[in-house]
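Before any comments, here is the structure.
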Amino acid sequence: MNATATIRTCPLPLRRRRRASGPHPPPSAVPPPPGVPPGRVPRVARLLALALRCEQLVAAGVIANYAALAELGHVSRARVTQIQNLRLLAPDIQEALLFLPRTERGRDPIPLRQLQPLARLLDWREQRKLWQALLANQGSGQTP
């Protein structure tokens with residue numbers, strides 16, 4: 001068998017990137033884009049939004065189950081459960097969490113660990129009572 005090799009060449013356009021002149025300013029010195037309020041969205045609000053989105057993905061069949069979700073997210077099944085437990089809160093509490101004011105500095109006002117006992121309660125009236133107590137303690141600077 002007589003095999004001949006054919007070599008083809010193709011031009012490959014290469015461009016050199018120019019370096020930016022001068023040092024980069026630190027991230028804290030860069031002002032936010034116009035129209036974006038200062039501060040960050042509290043972590044529990046982001047986690048609740050994530051729980052809502054994950055629930056949609058599982059319900060639509062995009063993700064098979066919560067175990068697959070944990071594997072895709074590189075987190076434990078227990079962590080997925082903690083996040084999904086936020087969906088067990090009363091709807092008005094969920095709404096209040098989603099619309100918490102932005103945190104401009106320091107710690108978020110309500111950490112996830114304070115919401116887990118509320119999510120364990122099946123009675124929304126009891127959840128609402130504990131939620132009001134949590135807000136009252138948070139306003140006075142005490143930790144419940």
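The values are calculated or read from the model by the stated rules, or taken from the named source; none is laboratory data. Computed from a prediction, not measured in an experiment: that's the story for all the values here. Reconstructed Cβ throughout: ideal geometry from the backbone, glycine too, with neighbour counts over all protein chains shown.
Answer yes or no as to whether LEU100 is within 17 Å of GLN127 (Cβ to Cβ), modelled with pLDDT under 95, out of contact with any Pro (no Cβ under 8 Å at 6 or more places or on another chain) and not charged (D, E, K, R).
For LEU100, the condition - within 17 Å of GLN127 (Cβ to Cβ), modelled with pLDDT under 95, out of contact with any Pro (no Cβ under 8 Å at 6 or more places or on another chain) and not charged (D, E, K, R) - is not met.
Condition (residue is acidic (Asp, Glu), exposed (fewer than 13 other Cβ atoms within 10 Å of the Cβ) and outside any loop (DSSP other than H, G, I, E, B)) applied to segment 97-105: is it met by at least one residue? Step through it out loud before you land on a result.
Going residue by residue through segment 97-105, those that are acidic (Asp, Glu) are 104.
Still in the list and also exposed (fewer than 13 other Cβ atoms within 10 Å of the Cβ): 104.
Next cut, outside any loop (DSSP other than H, G, I, E, B) only: none.
No, segment 97-105 contains no residue that is acidic (Asp, Glu), exposed (fewer than 13 other Cβ atoms within 10 Å of the Cβ) and outside any loop (DSSP other than H, G, I, E, B).
Any chance you could count how many residues in segment 106-132 are without any contact (Cβ under 8 Å) to a residue 60 or more places away in the chain and under 30 Å from VAL36 (Cβ atoms)? Spell out how you get there, then give the answer.
Let us first name the residues in segment 106-132 that are without any contact (Cβ under 8 Å) to a residue 60 or more places away in the chain, namely 106-107, 113-114, 116-132.
Now drop any that are not under 30 Å from VAL36 (Cβ atoms), which leaves 106-107, 113-114, 131.
Here the count works out to 5.
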